[in-house]
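Engineer: Provided herewith is a single structure, encoded as structure tokens, for subsequent inquiry.
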Amino acid sequence: MDLIDDDLPGPERPGNAHEYTVSDLSGAVKRTLEGEFGRVRVRGEVGRVVIARTGHMYFDLKDDRAVIASVSWKGQVARMTIRPEEGMEVIATGRLTTFAPQSKYQLQVDNVEPAGAGALMAMLEARRKKLAAEGLFDAGRKRPIPFLPQVIGVITSAQGAVIRDILHRLADRFPRRVIVWPVAVQGERCPRDVVRAIEGFNALQPGGPVPRPDVLIVARGGGSIEDLWGFNDEAVVRAAAASAIPLISAVGHETDTTLIDHAADLRAPTPTAAAELAVPVRAELLAQVAALGARLHRTGGAAVEMRTQRLRDLARALPRPEALLATPVQRLDRAGDRFAGSLKALAARKLLELNRAGAGLRPGTLRARIEQRTERLAQAGRRLTPALAQSLSRKAERLEGPGYGPRAEAALSQRLTRATERLEALSRMHRSLGYPETLARGYAVLRDAEGRLLTTADAARGQAVVTAELRDGSFEAVPVGGSPRPRRKPAEPPKGQGSLF
């Protein structure tokens, strides 16, 4: 130890103390601290936790009297099974070092573990209450599991007995198509892989190259709470709750409970039980269908037999057709017997009524009625003549009034013009369609001696003489094969009446 005389003034005080630079002193402190303590395990409560953009995590470890700043680098954070959270009591393992730019010491942590199962369970309970308050565990949002899914998606490790047990049980009960999404079921990769698998199955489109599962199974074998901690991760729970595909949780054994069990639509005690819950037993379904078919056959036969017996009973209660028709047949016979006499009586009655009506039509009576009706008609005519004259006078006055004359003349002129035009059109049509126009084109009309038209060659050959009418006149001709005969003189018209021709 160096001796210094405190009585001498400072500048003149002698001494042999070594002079350090700031960096040298900071390095010496760092070496001394790291050499003295090296790797340590520190127990304390986690204070504030900050994760930087680079992925490094900064947090505090504290007790009731002191605080130690702690840091975990990005790679160390990725390897942590359980990450520290504020208020959690942990045991941090790392080495004590200094941070020269801020003149402080800190614990560089590479592993964190809960300070006993009680602390871990307390953190798990706090997380469960938080997620339950958000409604992620409500029974109303859980979806039913399909009775017989066509495709089953399994999220588990590709190695191990879990996937073999699930496939074996599905093959025994009801073979279905299975799609396996391999994931890490333990360690720091577990939460990220499980979330990615759930979201990946939900992103598949129906009818795509990879079929979309009808139900999902998240499975893992048993283990400690630390081994199953990845299925308590908040991201895993939220992904399970948000899955549009019904999800069965089968993590651990029957006594193990994780937070994904609360968010899943159905919890299975074991992975094997999950396969049993996903599909029914095919043999049981076949037996049930056979039993139902036999029951249907028996019930149908019994129903037919019962209705047949009922029909027989009703048939015995019905009367015979002869009994039903006996009375109507008897009434018909009686009506037929009365028909002839009734018809004669009806004819006699009608004849009597006709005679009575004819008695009132004697010549004198009829003449009197005609005279009476004639007088009444004459009286009506005498009354009608003045009324008609008066009506005609009013009509004449209206016609002689201003405006009616010119309008009547114009209307009459229009009607005459339209009638003239129509008459001319009909005349042109008559000329074009009449046979004189046809004669003008070189045709002829043949008539026999009586003036009847001849339309066939046989009819013309049978005549001695025919008359051929052309456009400008007519002449007589003898048909080929016919014989001429003398022309008859026309009969003289009777005296006292001239001929119109």
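Here's the yes/no breakdown for (1) under 27 Å from GLY75 (Cβ atoms); (2) more than 37 Å from the chain's Cα centre (by Cα):
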position	(1), (2)
GLN150	no, no
HIS168	no, yes
ARG176	no, no
GLY187	yes, yes
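Engineer: Another question about this same structure. For GLY207, all conditions in the list (1) of a type in the set (Gly, Ala, Ser); (2) on the phi < 0 side of the Ramachandran plot; (3) assigned to a loop (DSSP other than H, G, I, E, B) hold save one; what is the number of the exception?
Structural biologist: Condition (2) is where GLY207 drops out.
Engineer: Next question, about the same structure. Output the residue which, of all residues in segment 407-450 that are in contact with an Asp or Glu (Cβ under 8 Å, 6 or more places away or on another chain) and either assigned to a helix (DSSP H, G or I) or not assigned by TED's automatic domain parsing to the domain that holds GLY462 (or both), is farthest from GLY473 (Cα to Cα).
Structural biologist: Taking the candidates together, the pick is ARG431.
Engineer: Being part of a helix (DSSP H, G or I) and at pLDDT below 80 narrows it down to one residue among ASP333, ASP337, ASP313; which is it? I'd like the intermediate steps shown before the answer.
Structural biologist: Working: ASP333 fails: at pLDDT below 80; ASP313 fails: at pLDDT below 80.
Answer to the selection: ASP337.
Engineer: Modelled with pLDDT under 80 and acidic (Asp, Glu): is that true of GLU397 in this structure? Show your work before the answer.
Structural biologist: Numbers: modelled with pLDDT under 80: yes; acidic (Asp, Glu): yes.
Answer is yes for this residue.
Engineer: Quick one: GLY200 ticks every box in (1) of a type outside the set (A, V, I, L, M, F, W, C); (2) under 28 Å from MET80 (Cα atoms); (3) buried (at least 17 other Cβ atoms within 10 Å of the Cβ); (4) touching a Phe, Trp or Tyr at 6+ places or on another chain (Cβ under 7 Å) bar one, so which box is it?
Structural biologist: (3)
Engineer: Looking only at segment 87-109, count every residue that is under 16 Å from VAL50 (Cβ atoms) and polar (S, T, N, Q) and tell me the total.
Structural biologist: 3
Engineer: Among the residues of segment 12-65, count how many are in a loop (DSSP other than H, G, I, E, B), more than 60 Å from the chain's Cα centre (by Cα) and of a type in the set (A, V, I, L, M). Walk me through it before giving the result.
Structural biologist: Within segment 12-65, the subset in a loop (DSSP other than H, G, I, E, B) is 12-21, 38, 52-56, 63-65.
Subset that is more than 60 Å from the chain's Cα centre (by Cα): 12-21, 38, 63-65.
Going one step further and asking which of them are of a type in the set (A, V, I, L, M), we end up with 17.
Number of matching residues: 1.
Engineer: Still on this structure: Somewhere in segment 161-168, is a residue out of contact with any Phe, Trp or Tyr (no Cβ under 6 Å at 6 or more places or on another chain) and at pLDDT below 90?
Structural biologist: Looking only at segment 161-168, we keep the residues that are out of contact with any Phe, Trp or Tyr (no Cβ under 6 Å at 6 or more places or on another chain), and these are 161-168.
Still in the running and at pLDDT below 90: 161.
Looking for residues that are out of contact with any Phe, Trp or Tyr (no Cβ under 6 Å at 6 or more places or on another chain) and at pLDDT below 90, one finds at least one in segment 161-168, hence yes.
Engineer: Something else about it: Which one of these does VAL67 not meet: (1) closer than 26 Å to GLU188 by Cα; (2) touching a strand residue (DSSP E or B) at 6+ places or on another chain (Cβ under 9 Å); (3) at pLDDT 85 or above?
Structural biologist: Here VAL67 meets the rest and fails (1).
Engineer: To continue, here is another question. What pairs come up if the first residue lies in segment 145-163 and is closer than 15 Å to PHE231 by Cβ, the second is of a type in the set (Ser, Thr, Tyr), and their beta carbons are under 7 Å apart, counting only those six or more places apart or on different chains?
Structural biologist: VAL162/THR156
Engineer: Exposed (fewer than 12 other Cβ atoms within 10 Å of the Cβ), without any contact (Cβ under 8 Å) to a residue 24 or more places away in the chain and under 25 Å from GLY75 (Cβ atoms) - does that describe any residue in segment 209-224?
Structural biologist: Yes, there is a match, as at least one residue in segment 209-224 is exposed (fewer than 12 other Cβ atoms within 10 Å of the Cβ), without any contact (Cβ under 8 Å) to a residue 24 or more places away in the chain and under 25 Å from GLY75 (Cβ atoms).
The values are calculated or read from the model by the stated rules, or taken from the named source; none is laboratory data. No experiment lies behind these values; they were computed from the predicted model shown. When we count neighbours, we look across all protein chains shown, and the Cβ atoms used for this are built from the backbone with ideal geometry, even at glycine.
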